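The block underneath contains the structure these notes are about, expressed in C-alpha cells.
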Amino acid sequence: MNEILFPTPDGAIMDRRDAILSELAAIASPGCLIVSEDERRAFETDAFTAYRRMPLAVVLPRTTEEVSALLAYCHRTGLKVVPRGAGTSLAGGAIPQEDSIVIGVSKLNKILDVNLPDRTIRVQAGVTNLSVSEAVSPDGFFYAPDPSSQLACTIAGNIAMNSGGAHCLKYGVTTNNVLGAKIVLITGEIIELGGEAFDAPGLDLLGLVIGSEGQLGIVTEATLRIVRAAEGARPVLFGFDSSEAAGACVAAIIGAGIVPVAMEFMDRPAIQICEAYAKAGYPLDVEAMLIIEVEGSDAEMEAELARIVDIARAHNVSVVRESRSAMETASIWKGRKSAFGATGRVADYICMDGTVPTGQLSYVLKRTSEIVASYGLRVANVFHAGDGNMHPLILYNVNDPADQAKAEAAGMDILRLCVEVGGCLTGEHGVGIEKRDLMRCQFNEIDLEQQMRVRAAFDPQWLLNPAKVFPLDGRLGANEIAA
Amino acid sequence: MMQVLAPETEAQACEAIASARADKRTLEIVGGGTRSGLGRPVRADSVLSTQSLRGITLYEPAELVVSAWAGTPLREIETLLAGKQQILPFEPMDHRAIYGTQGEPTIGALAACNISGPRRVRSGAARDSLIGLRFVNGRGEAVKSGGRVMKNVTGLDLVKLSCGAHGTLGLLTEVTFKLSPAPRGSGTLIIEGLNDARAIAAMSMALGSPFELSAAAHIPSQKRTLLRIEQAPDSLAYRMEALTGLAKPFGPARRLSDSEAHEAWAGVRDVAPLANSKAPALWRISIAPSRAAAFVADMAAQNIAQDHYYDWGGGLIWLTSGLDAAKVETLQTAAAQAKGHAMLVRASQDARAQLHVFQPQPQAMMNLSGRVKASMDPDAILNPGRMYACQ
Ligand SMILES: Cc1cc2nc3c(=O)[nH]c(=O)nc-3n(C[C@H](O)[C@H](O)[C@@H](O)COP(=O)(O)OP(=O)(O)OC[C@H]3O[C@@H](n4cnc5c(N)ncnc54)[C@H](O)[C@@H]3O)c2cc1C
Ligand SMILES: Cc1cc2nc3c(=O)[nH]c(=O)nc-3n(C[C@H](O)[C@H](O)[C@H](O)COP(=O)(O)OP(=O)(O)OC[C@H]3O[C@@H](n4cnc5c(N)ncnc54)[C@H](O)[C@@H]3O)c2cc1C
C-alpha cells in the first residue's frame, strides 16, 4: 500500500502567495484572515491525522456575501479552495493542499429561526450538530442525525458528508432531515436549494449537494427538520457467545417487523476497551454485545422490549440487562459513545466505515479478523448493526511507518470485501482522500465519469476540494466533459 | 403511428438511446402510461417504453430491501411485500383517479416522479427510500449509483438527483428501495367542524406530539380533520387515547372504523375529494404548514382558488382553479412568496404546453439545472421539455 498522494502544488500559485494574501485581506472582513504559520497549523489536517498539508491561508468569513466574494475571487484567479467545518472528518475530507486556501464556516454559527409548528429550524451552517438539538430540547424536540462527534462537528460538515448516527435506523441520515440549504457556487453566485416546504421543484439539487463533500459549493445556511422526542427511551444490553448469534438476532428482530431506534454492535475487543474506560458494567466474558434501544411510554417500552428479549433468547443470548433507571441508561450508552475515544487511549487506530448487507455481517466480521490478523495487527468492532454500517477500528502505532502502511492496507482489504459482498466503501464518513483510490472497486469508469460530469456542472475547473473523492488519474477536464 | 421502442434488457436500452442520439431523435419515456398528465407534454420522435423491462431482481425481507426492473408493475411488488408484512414506506399515490387512465403504474415511474402520499410526513418521499439505481443516460451509457445497503455515501448521490427528474436525465432501468414493516395496527381520529387555520393548528399540535402520527389531513368540504397513528395494537390504543386528550381544545375527536379510515386515507392519497372536479386546473402546492391557510385564503379572495384540501399536516395543498394565464401567474408568484411551490398536476395538453407546469425557478437555478441536465443528457433527447420548456 502506497501513501495517499496529494497533487504537486502549483508553483505559479505558490509564488504568488504574498499577492494572494493581500488580495484576500482586501476581501475578508477584519479578523477573519489567518496567515501566520502557527495559526494555520490548526487547519493542516482533520481527524484523519496521519496526513497533513499547510494551506496558503485560512479565511473564516462572517456572512454568506463574504463567502461569495471570496469564491468569486478564487474563480477569477484559479485558486483552489478547501471548505471546512470543524475538521472532524475521518476521511481526510477537510485536509487542505499547499496551493489552496481553506474557507471555514466556524464563524457562521447562529441559529436563525426556530419554528415549532412547522417542526423546522433555520441555522447558519457553522453551528454544531449538538447545538441544534440543544436549541429545541427545552420544547421536547431534537435534530435526529446524531454523529458521535456531535459536540464538535458542524451542520456544514454533516451536509457535506451526509452524516449519520446511532439513531438513524429509525430517523434517517442527514439527507432525510434537511429541507433547504443556501449554497455559494464557485462563481460566487448564491442559490437557495429547497426551502421550508417538502420536495423542492425542479431537479433535486439539494439531494445532490448533500454528501458531495465540499465539491459543489460552500453551504452557508440550512433549514432542518426537527422531531418531537418520544416520551421515553430505554436500551437493553445483550451478550452473546458468538458474533454469528448476535448477527442472527439483529436480522430476526428486523424480520419480526420491529425497527428499534438503535441497534449497536460491539465485539469482544471493543467491549474490553470500552469497559476499561467507561466502567459501564459491560459483560467481559461474551464474544459480542448488542445495545438495542426502544422508545415510547413505559408500558410501550416494556412490551417492545419483551418481544425483543424473546427473540434474543431464541438466539441463545447469554446476558440480558434491561436498563432500569436513567443512570443505567446513561452508563450503557456512555461506553458505546466513547468507543473511539477509549480506543484512542489504547492505541492509534484508523476507523473503517464500509456498509454490508446485514445478512453478511457475521461473515464479514470473521473475514475482518482474519484480514487484520494476517497483517499482524488487532481490530475492534463497534458499529451500527441495524443498517450494516461497520466500523472496524484497526489498531496500530502511528510512529511506525511500516505499521501504518499495514493498517492502511488491511483497511483497504476490508473495504474491498464490503463491496464484494454487495455493500459499499463508506456508509457515513465519506470518501475524502482516504478511500479516493478505491472508488474503482465500487464504480466502473462510466459510473465515475458520469459523476465527474455532474461535478463539472458546478465546478468545471476543479477548484473546490479538488483532490478528494475521485482518483487523481483519469479525471475529466473541461474538454472531455463537453465531448 | 409513432415508433415504440421496448428494450428487453439494459443493454438494448443502451443501444436504443445511443442510436437515437446518433440520429438526433428524441425519446419520450413511458412506463405504465398511467401518469400521462403529469408534467409538460413531450413531443418526441419515438416512445421508449419500459414495458418489457420487468421482474423483481432482489428481495431480502430481513434486510428490508427490494430491487426490480423499472417496468415492473407496482402491484406485483406490493403483493410480494404484503406476503412478508412489508411495505414501500412512502404510500405512493395512484394517479389513475385524477387522470382517468388505465394501465398499471410501474415502480420506475415512482422513482422518476418522486411519488409519495400521506405517510410522507413520517416516512419521507420516494426519494428518501430510494437507495439504488441503474439508469441509461442520454449518451446511451448504463450508470450505477447507490446500491442495496441503507447507508451509503460513496460518491455523488445521483440517486437523489434522478429521483423526481421525470425521466429528463436518464431512463431508469433498475431501482432499489428500502422497505419498512407494515404497521401492525392503524387508527384514525376525526375532528369535525374546524376552519382551515384551526385545523392546521390541530394537525401541527398532533404532529409535534410524541405519538408519531403517520398522517394528518384536513378536508374543508367535508369539515373533517383526520389524524392517523400506526402502531402495534396495545400501543395504538394508548396513543389514540392520549391524542384524543391532546385534541380536546379543538373539539371532540372520535375514532373512525377501520374500513372508514382505510377509505378516507386512500381518498386523501389519490385526491378523491377533487378528482371529479370540473375545474380546468388542479394544483399540488408544497408549503410550510403555518403559511398554508393564509395562502389559500388569499387565492380565494382573488377568485383563483375554487376548492381545496390539505395533506401533510397542511404542508401539501391540493387546489383547483381556473386556468387563464394571469391567474396561474398570480398563484405561482404567491406560492413562491410563501416560500412554497406549485405544480400544475391536471390541465389540458395545451395549457400544460404553454404554462409553467413546475414552479418557475430563479435564473441562477435554471442555469445550473440546465448544466446538470447537459451533463447527463448532452443532446437533450430524453423527455424533452417534460419539466421546463427550455430543457
Ligand atoms: C406503449 C405506449 C405507446 C404510446 N404511444 C403514444 C403515442 O403514440 N402518442 C401519444 O401521444 N401517447 C402515446 N402513449 C401515451 C403517452 O405516452 C402518454 O402521454 C403517457 O402514457 C405517458 O405516460 P407516463 O409515462 O407519463 O406515465 P408513467 O409511465 O407512469 O410515467 C410517468 C413519468 O415518469 C417517466 N418515467 C416512467 N418510467 C420511467 C423510467 N423507467 N425512467 C425514467 N423516466 C420514467 C415518464 O417519462 C413520465 O414523465 C403511449 C403509451 C404507451 C404505454
Ligand atoms: C470521534 C468521532 C466520531 C465520529 N462519529 C461519526 C458518526 O457517528 N457518524 C458520522 O457520520 N460521522 C462521524 N464522524 C465523522 C465526522 O464527524 C463527520 O463527517 C462530520 O460531519 C464532519 O463535520 P465537520 O464540521 O467536522 O466537517 P469537516 O471535517 O470540517 O469537513 C468535512 C467535509 O465537509 C466539507 N465541508 C465543510 N464545510 C463545508 C461547507 N460549508 N460547505 C461545503 N462543504 C463543506 C469539507 O470540505 C469536508 O470535505 C466522527 C468523527 C470523529 C472524530
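The values are calculated or read from the model by the stated rules, or taken from the named source; none is laboratory data. None of the values given here were measured: they were computed from a predicted structure. Note: ideal-geometry Cβ built from the backbone for every residue, glycine included; neighbour counts use all protein chains shown. Just the protein is used for accessible areas: all its heavy atoms, side chains included, with ligands, DNA and RNA removed. Shrake-Rupley method; radii C 1.70, N 1.55, O 1.52, S 1.80 Å.
Brief remarks on what is shown
- Across region B:1-20, the qualifying residues are those that are among the hydrophobic types (A, V, I, L, M, F, W, C) and more than 11 Å from B:S52 (Cβ to Cβ), and the one among them that is most open to solvent (accessible area, probe 1.4 Å) is B:M1.
- Region A:204-224 - residue that is within 11 Å of chain B (Cβ to nearest Cβ) and not hydrophobic (A, V, I, L, M, F, W, C) and, of those, nearest to A:R122 (Cα to Cα): A:T223
- Single unsatisfied condition, A:I253 versus (1) within 23 Å of A:L361 (Cα to Cα); (2) in contact with a Lys or Arg (Cβ under 8 Å, 6 or more places away or on another chain): (2)
- Taken over region A:316-349, residues that are in a helix (DSSP H, G or I), within 11 Å of ligand 2 (Cβ to nearest atom), open to solvent by less than 50 Å² (accessible area, probe 1.4 Å) and touching a residue at least 12 places away in the same chain (Cβ under 8 Å) amount to 6.
- Every listed requirement among (1) open to solvent by less than 70 Å² (accessible area, probe 1.4 Å); (2) within 16 Å of ligand 2 (Cβ to nearest atom) is met by A:T49 save one, (1).
- Within region A:20-46, the set of residues being among the hydrophobic types (A, V, I, L, M, F, W, C) and loosely packed, with under 11 Cβ neighbours inside 10 Å comprises A:A26 only.
- Those helices (runs of 4 or more DSSP H) lying entirely in region B:69-137 with at least 3 residues within 16 Å of ligand 1 (Cβ to nearest atom): B:74-82, B:96-99, B:107-113
- The residues of region B:294-332 that are of a type in the set (G, A, S) and crowded, with 22+ Cβ neighbours inside 10 Å, listed by number, are B:A305, B:G313, B:G314, B:G315, B:S321.
- Breaking point among (1) of a type in the set (K, R); (2) closer than 26 Å to B:V149 by Cβ; (3) within 11 Å of ligand 2 (Cβ to nearest atom), for A:K170: (3)
- Among the residues making up region B:333-360, those that are within 11 Å of chain A (Cβ to nearest Cβ) and either touching a Ser or Thr at 6+ places or on another chain (Cβ under 6 Å) or among the hydroxyl-bearing types (S, T, Y) (or both) are B:G340, B:H341.
- Condition check for A:L112: touching a residue at least 24 places away in the same chain (Cβ under 8 Å) and crowded, with 19+ Cβ neighbours inside 10 Å: no
- The requirement of being under 30 Å from A:S137 (Cα atoms), more than 7 Å from chain A (Cβ to nearest Cβ), assigned to a loop (DSSP other than H, G, I, E, B) and open to solvent by 10 Å² or more (accessible area, probe 1.4 Å) is not satisfied by B:P210.
- Out of B:L243, B:L236, B:L282, sole residue that is among the aliphatic types (A, V, I, L, M), buried (at least 17 other Cβ atoms within 10 Å of the Cβ) and closer than 16 Å to B:Y99 by Cβ: B:L282
- Residue pairs whose Cβ atoms lie under 6 Å apart, separated by 6 or more positions or on different chains, with the first residue in region B:1-28 and within 19 Å of B:P384 (Cα to Cα) and more than 14 Å from every other protein chain (Cβ to nearest Cβ) and the second open to solvent by 60 Å² or more (accessible area, probe 1.4 Å) and within 9 Å of ligand 1 (Cβ to nearest atom), are B:A6/B:Q51.
- Unique match (being more than 10 Å from every other protein chain (Cβ to nearest Cβ) and within 16 Å of ligand 2 (Cβ to nearest atom)) among A:V236, A:V261: A:V261
- Boolean, B:E104 is open to solvent by 10 Å² or more (accessible area, probe 1.4 Å) and without any contact (Cβ under 8 Å) to a residue 60 or more places away in the chain: no
- Reported count of residues in region A:163-220, each being within 16 Å of ligand 1 (Cβ to nearest atom) and either touching a Cys at 6+ places or on another chain (Cβ under 8 Å) or at pLDDT 95 or above (or both), is 2.
- Within region A:134-150, considering residues that are more than 12 Å from chain B (Cβ to nearest Cβ) and farther than 21 Å from A:H429 by Cα, the one farthest from ligand 2 (Cβ to nearest atom): A:P138
- If you go through region A:375-386 and keep only what is in a loop (DSSP other than H, G, I, E, B) and either in contact with a Phe, Trp or Tyr (Cβ under 7 Å, 6 or more places away or on another chain) or open to solvent by less than 10 Å² (accessible area, probe 1.4 Å) (or both), you end up with A:L377, A:A385, A:G386.
- Test: A:V431 is open to solvent by less than 10 Å² (accessible area, probe 1.4 Å), touching a residue at least 12 places away in the same chain (Cβ under 8 Å) and at the interface with chain B (Cβ under 8 Å from one of its Cβ atoms): yes
- Condition met for A:V227 (within 14 Å of chain B (Cβ to nearest Cβ) and open to solvent by 20 Å² or more (accessible area, probe 1.4 Å)): yes
- Test: B:R35 is part of a loop (DSSP other than H, G, I, E, B), basic (K, R), more than 9 Å from ligand 1 (Cβ to nearest atom) and assigned by TED's automatic domain parsing to the domain that holds B:L169: no
- When the residues of region A:181-203 are filtered to those that are among the small types (G, A, S), in contact (Cβ under 8 Å) with a residue 12 or more places away in the chain and facing chain B (nearest Cβ under 9 Å), the one that is farthest from ligand 2 (Cβ to nearest atom) is A:A197.
- Helices (runs of 4 or more DSSP H) within region B:309-391 that include 1 or more residues more than 30 Å from B:R139 (Cα to Cα) and away from ligand 2 (no atom under 16 Å from the Cβ): B:325-337, B:349-354
- B:S129, sole failed condition from (1) within 12 Å of another protein chain (Cβ to nearest Cβ); (2) closer than 24 Å to B:V357 by Cβ; (3) under 17 Å from the mean Cα position of the chain (by Cα); (4) open to solvent by less than 10 Å² (accessible area, probe 1.4 Å): (2)
- Test for A:T64: is it more than 26 Å from the chain's Cα centre (by Cα) and either hydroxyl-bearing (S, T, Y) or at pLDDT below 95 (or both): no
- When A:V286, A:V294 are screened for being part of a loop (DSSP other than H, G, I, E, B) and in contact with a helix residue (DSSP H, G or I) (Cβ under 9 Å, 6 or more places away or on another chain), only A:V286 passes.
- Test: residue in region A:432-450 that is closer than 20 Å to A:T45 by Cα, touching a strand residue (DSSP E or B) at 6+ places or on another chain (Cβ under 7 Å) and of a type in the set (A, V, I, L, M, F, W, C): no
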